[in-house]
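Notes follow the structure.
Readers should treat all values here as calculations from the given coordinates under stated rules, not as data from a laboratory. All values derive from a computational prediction rather than experimental measurement.
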Amino acid sequence: MRTIRNYLLMALAVTTLSFVTVNAQGQIVSDAAIEKKVGKEIRMLPYYGLFDHITYRVEGGTVTLLGKTASLGTRKSAERVVKRIPGVIEVVNNIEDLPPSPYDSGIRRQVVREFENSAGVLPYISGINPQVRIIVENGRISLEGNVPNKGVSNLMYLLANRVPGTFKVTNNLLVSERS
């Protein structure tokens, strides 16, 4: 009698645990929660730096990655970490790897030097996760990110235009209250 009771209790415990697992896996995660987690994971990539810019869209569990990276391996790393986020069904990776170019690398160094020598601009390109990203492709500079006011945005645009060998500068900096 005692063994039958133990078997019944064991069967009840196993059944209960299996229902809990099914419910946890079937949980629906909102797009807003996925979006927040995607942003955090991208910022935490080891080689995601000043010369990389990745944006994303989340629609119904499908994450679309967009942008350009100069750091080799960042494109695949971004896709890999986003796939592991709970609630992500599919990842569409439209990130472009910028071709290695000594000419573009020289322009990147000169832009950073211009920003470093200007008062008030350095904090926006410094640190582990800078607020402003510098994308250089075939001699064309694109400034991406957030700045606190239009004055900083215009100053960065003017400084980038001073770099010799630059064909075009595109100012995609967003002015925000909180940057």
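Structure above, values below:
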quantity	calculated
Added length on full extension, which subtracts the Cα-Cα distance from 0.36 nm per residue, Asn146 to Lys40	36.5 nm
Cα gyration tensor shape of the range 81-179, rounded if a/c is under 1.5, else prolate or oblate by comparing a/b with b/c	oblate
Spatially proximal lysines relative to Lys76 (Cα-Cα < 18 Å; intrachain offsets below 8 disregarded)	Lys37, Lys40, Lys68
Shape of the range 31-97, Cα gyration tensor, a/c cut at 1.5	prolate
Between the range 142-177 and the range 75-101, the Cα center-to-center distance that results, in Å	27
